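Step one of this worksheet: look at the structure below.
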Amino acid sequence: MASFPTTLLILYFVTTPAHISPGEKKKVQEINANWTLQTTSQLQTEDPDSCVWLGKKMIKEFEPVNTSTIRLYCICPKEVVNDVCFNKQEKKLAKDRKAAIEEDKRNHKESFVEPKEVKTDSPRFLPIGPDTPDPFATKR
Amino acid sequence: MLPAAAWAEASRLSDPNNTALCSIPATDSRKKLCDAPYSGGHSWGAAMACVARFATGIVCLLTGGCAILPDMPPDWALPVQEIVLHTACELQFALNALQPISDPKRFDPTAWTIKVTLNPKADADIQPGAGLTRRFPATGGTSFSNLVIGPGNGVTAEMKGSHYGSVDFKFDSGALMKDAGLPCDTAAPSYHTLTKHLGIQDWLFRAVDTTRVAGGSVDNPGFTADVFIKFNGTGSWTYTFPPGANLLTLSGYYQLEESLTITFTAKPVKDTFKVVTLPRGGKGFGPNYASPPPSTFSVLQDQSASLQQIRQQLQNLRIPTQ
């Protein structure tokens, strides 16, 4: 049982109205504007996938808004092992690291020193963006 | 000018029976004003009718219909393009020459907003005058009366008009110094005085050199060049005959004043820094490098420049001497 559920942290930023060139993307506007943190909110979600999915939905909702924007993070408890909170790439890196250590151990038996273990079960703080893969996309 | 028909109407109103001596034919104009027939039988009543007609004509003349509005000087008299180009070139030369020798704390040539104001003023004034003298009786007798209308050269009217213009040209001193595209190497074809050497560099150098010795810093330097041209003319016509004389005078002037005012206003020191006001966020978000929020400096600077111009114009006012 996780100590806390996967939490969606939302930071709301606002800026003053400004002239926006027709067709200018929100991403470009975000680069040049002065943003002020207006408020934050936390939303407890069922699981990491739902957290990411909700975050992406929120980003899409704020896309046409010029005077405010959001930044979203999924906070995963350490017990949760999931492709989102502990994704495949990290799993692969951990596996590769373990293989490299084993190979080094075989080749340098006498001088080999066991490296310090890297913890991979720490809580995760996952930034969500418009290009973050949709966890339900492949499942559907 | 007052049309001849109006003169005729004025005559008709003042003397409906057309019995007075000061008849003015409708087809003729003012040259026959009070041109009395050569006769010795004038009475005081006839004289008063003549005065009334004369006064009517003058009142008509003064109603504003004959007021004049002088034209602004044409391009050959005020070559705006050449004057401003020459001024910009001289400013560029002066600032570039002063940069290596001036202490930036006392005078930084790159830290000014320069306004060049061209202010042409055209004034025109025409003063037509008319008068007459009459003797009663016209001939003979040991005693007679002399009627004189208008002192000196008679009754005069004044028609005066003015036409002023003003335009500001704004330069950033730093940008002006680096502007290699200014066609300063070509000689101006104009003979206009304002396209000649204005002496801006000499004036600035003296100011900068003074701060080097006396301390302080140069603040709001200014420069005004003024050209004044005046055309004056006077003419008169007198027709004398036994009963008296008819007088007509015409005088006027056209004056053109062109002033070139250069004002320096210190640019506000703005820090050019970038701030990050938004976290990077997840995949697909871009960075944030925001500029500082716009301040009111530019508005204040503009007001300051305008006040500086007004101050300089007030300083240039002269008390008219007799």
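The values are calculated or read from the model by the stated rules, or taken from the named source; none is laboratory data. Keep in mind the model is a prediction, meaning the values are calculated, not measured. When we count neighbours, we look across all protein chains shown, and the Cβ atoms used for this are built from the backbone with ideal geometry, even at glycine.
Regarding A:V52, is this residue farther than 30 Å from A:P77 by Cβ and either under 22 Å from the mean Cα position of the chain (by Cα) or more than 9 Å from every other protein chain (Cβ to nearest Cβ) (or both)?
No, not satisfied.
Name every residue in the stretch A:2-12 that is more than 9 Å from chain B (Cβ to nearest Cβ) and in contact with a strand residue (DSSP E or B) (Cβ under 6 Å, 6 or more places away or on another chain), in order of residue number.
Within the stretch A:2-12, A:P5, A:T6, A:T7, A:L8, A:L9, A:I10, A:Y12 meet the criteria.
Scan B:T263, B:T272, B:T249, B:T234 and give me the residue that is closer than 28 Å to B:T87 by Cα and either among the β-branched types (V, I, T) or outside any strand (DSSP E or B) (or both).
B:T263
Residue under question is B:C89, and the condition is that it be in a helix (DSSP H, G or I) and either modelled with pLDDT under 80 or outside the structural domain of B:F136 (by TED's automatic domain parsing) (or both); does it hold?
In short, no.
Tell me, yes or no, whether the stretch B:96-107 has at least one residue that is in the same structural domain as B:L250 (by TED's automatic domain parsing), hydroxyl-bearing (S, T, Y) and either surrounded by 20 or more Cβ atoms within 10 Å (Cβ to Cβ) or under 21 Å from B:I200 (Cα atoms) (or both).
The answer is yes; a qualifying residue exists.
Quick grid of which residues meet (1) assigned by TED's automatic domain parsing to the domain that holds A:R71; (2) touching a Gly at 6+ places or on another chain (Cβ under 6 Å); (3) in contact (Cβ under 8 Å) with a residue 24 or more places away in the chain:
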{"residue": "A:I10", "(1), (2), (3)": "yes, no, yes"}
{"residue": "A:K25", "(1), (2), (3)": "yes, no, no"}
{"residue": "A:I31", "(1), (2), (3)": "yes, yes, no"}
{"residue": "A:S41", "(1), (2), (3)": "yes, no, yes"}
{"residue": "A:P48", "(1), (2), (3)": "yes, no, yes"}
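If a residue must be at the interface with another protein chain (Cβ under 9 Å from one of its Cβ atoms), surrounded by 17 or more Cβ atoms within 10 Å (Cβ to Cβ) and assigned to a loop (DSSP other than H, G, I, E, B), how many such residues does the stretch A:13-49 contain?
Final tally of qualifying residues: 4.
Restricting to the stretch B:108-135, name every residue that is touching a Pro at 6+ places or on another chain (Cβ under 8 Å) and buried (at least 19 other Cβ atoms within 10 Å of the Cβ).
B:P120, B:A122, B:A124, B:R134
When you scan the stretch B:256-273, do you find a residue that is at pLDDT 75 or above, under 31 Å from the mean Cα position of the chain (by Cα), away from chain A (no Cβ under 14 Å) and more than 30 Å from B:D219 (Cα to Cα), even just one?
Checking the stretch B:256-273: at least one residue is at pLDDT 75 or above, under 31 Å from the mean Cα position of the chain (by Cα), away from chain A (no Cβ under 14 Å) and more than 30 Å from B:D219 (Cα to Cα).
Being on the phi < 0 side of the Ramachandran plot and at pLDDT below 80 narrows it down to one residue among A:V80, A:V14; which is it?
One residue alone meets the criteria, A:V80.
Going by the conditions given, is A:V65 assigned to a loop (DSSP other than H, G, I, E, B), exposed (fewer than 13 other Cβ atoms within 10 Å of the Cβ), in contact with a helix residue (DSSP H, G or I) (Cβ under 9 Å, 6 or more places away or on another chain) and at pLDDT 80 or above?
yes
Can you tell me which of (1) more than 29 Å from B:G286 (Cβ to Cβ); (2) part of a loop (DSSP other than H, G, I, E, B) is the one A:D131 doesn't meet?
Failed condition: (1).
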